[in-house]
Amino acid sequence: MAMPTPVNGQITDAVTQANLTNLGQAPGMAAGALNQSLVHSLSLLYANSVSGQQNMNVLAQAATARTVAKLSGKDAG
C-alpha cells in the first residue's frame, strides 16, 4: 500500500487485485472477440458461396432442359 488511508487495507488490496485481474484478462478477451468475428465472417462467406452455387445449378438445369426441348423439337418458343 502506498499511503495510509482511512479505508481498511484489505479492501484496497482487493480492489487493486480486481483491477489487475481485469487488465490481465483484457487482451485475451479482445483476441477471443476478434476470433469470433472472423469465424462469423467466414461462415457468412461460405453460406453465400453455397447459395450462389445452388442458384447456378438451378440455372444450368433450366438451360439444359430448354436445350433438350429445342433439340427434340418439343419447344414451343
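Just a few scattered comments:
- Test: residue in the range 26-35 that is exposed (fewer than 10 other Cβ atoms within 10 Å of the Cβ), within 30 Å of the chain's Cα centre (by Cα) and either assigned to a helix (DSSP H, G or I) or touching a residue at least 24 places away in the same chain (Cβ under 8 Å) (or both): yes
- Checking Gly73 against (1) in contact with an Asp or Glu (Cβ under 7 Å, 6 or more places away or on another chain); (2) at positive phi, the condition it does not meet: (1)
Where a number appears in this text, it was derived from the coordinates with a stated rule and is not lab data. This structure is a prediction, so every number in the text was calculated from the model and none was measured. Please note: Cβ atoms are built from the backbone with ideal geometry, for glycine as well, and neighbour counts cover all protein chains shown.
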